[in-house]
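Engineer: Structure incoming, see below.
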Amino acid sequence: MKQTIQIVTPNDYSAITLKQYLLLQRDLKAYEGDKEAITATLFYHLCGVTPDILRKIDTQTFTQISDRLFSFIAQNEFDLQRFVTIGGVEYGFEPDLSKMAYGAYVDISKYEKLDIDEDWKKIMSILYRPVTKKIGKLYDIQPYTGDEENEHWNDVNMGVHFGALFFFINLSKVLLNTTLKSLIQQEEIPPNIKSILVESGEIINQL
């Protein structure tokens, strides 16, 4: 008897939560170097296709879907989403990083690098806080206390998370290019969160 299998592939990262993404990354790292296992991992985490079902898919369909999945995870263009609603509460991205509370700056600076890992939800809880006032494009968010909840960020889609991450990546490139132009001898300046937060006052508004 012929079996019909329906496979739904995600179109963008809004379909993937942080929790799902971290599980995917964990398995991809475990199977690093094994393309067959990596492909099976993508099918499982992104499409919900188990290995036993995967073996029943015809070669043409398998190739088409796997190509689509590898293209999907290679996406690298994301826009910063200044507002996100979680559990009925609207959160806003830090309006002015140059005026960020010192405690928030210190707490972010303790991380050696900006990367989406198990600590990322803590960084997001610092960067995004509940909106208290909003007039047009201007808004205020709750003062930083150092005791913000962060577990709810596990259920937020990766479009939001990548938007925040790539904002800092792009900002670091702007800061790097600006700094290089002012140097007589051009040398590599490693971008890191500390320099980004200190020097981003005017540039963040331009972005």
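Engineer: Only one residue in ILE123, ILE141 is in contact with a Lys or Arg (Cβ under 8 Å, 6 or more places away or on another chain) and in contact (Cβ under 8 Å) with a residue 12 or more places away in the chain. Which one?
Structural biologist: On inspection, the qualifying residue turns out to be ILE141.
Engineer: If PHE62 meets every condition in (1) surrounded by 13 or more Cβ atoms within 10 Å (Cβ to Cβ); (2) more than 23 Å from PHE166 (Cα to Cα); (3) in contact (Cβ under 8 Å) with a residue 12 or more places away in the chain; (4) of a type outside the set (A, V, I, L, M) apart from one, which number is that one?
Structural biologist: (3)
Engineer: Which numbered condition in (1) out of contact with any Pro (no Cβ under 9 Å at 6 or more places or on another chain); (2) free of Cβ contacts under 8 Å to residues at least 40 places away in the same chain is the only one that PHE78 fails?
Structural biologist: The failed condition is (2).
Engineer: Would you mind stating whether LEU46 is surrounded by 19 or more Cβ atoms within 10 Å (Cβ to Cβ) and of a type outside the set (Phe, Trp, Tyr)?
Structural biologist: Judged against the criteria, LEU46 is a match.
Engineer: Give, as residue ranges, the helices (runs of 4 or more DSSP H) completely inside segment 1-85 that count at least 2 residues that are under 21 Å from the mean Cα position of the chain (by Cα).
Structural biologist: Per the criteria, 18-30, 35-47, 59-73.
Engineer: Here is a list of conditions, (1) surrounded by fewer than 10 Cβ atoms within 10 Å (Cβ to Cβ); (2) under 26 Å from LYS35 (Cβ atoms), and GLY87 meets all of them except one; can you say which number that is?
Structural biologist: (2)
Engineer: Here's something else I'd like to know. Closer than 27 Å to PHE168 by Cα, among the hydroxyl-bearing types (Ser, Thr, Tyr) and surrounded by fewer than 13 Cβ atoms within 10 Å (Cβ to Cβ): which single residue out of SER71, SER109 fits that description?
Structural biologist: Answer to the check: SER71.
Only the coordinates and a few stated rules stand behind these numbers; no lab work does. Just so you know, these numbers come straight off a predicted model, no measurement behind them. FYI the Cβ positions are ideal-geometry reconstructions off the backbone, even for glycines, and counts take in every protein chain you see.
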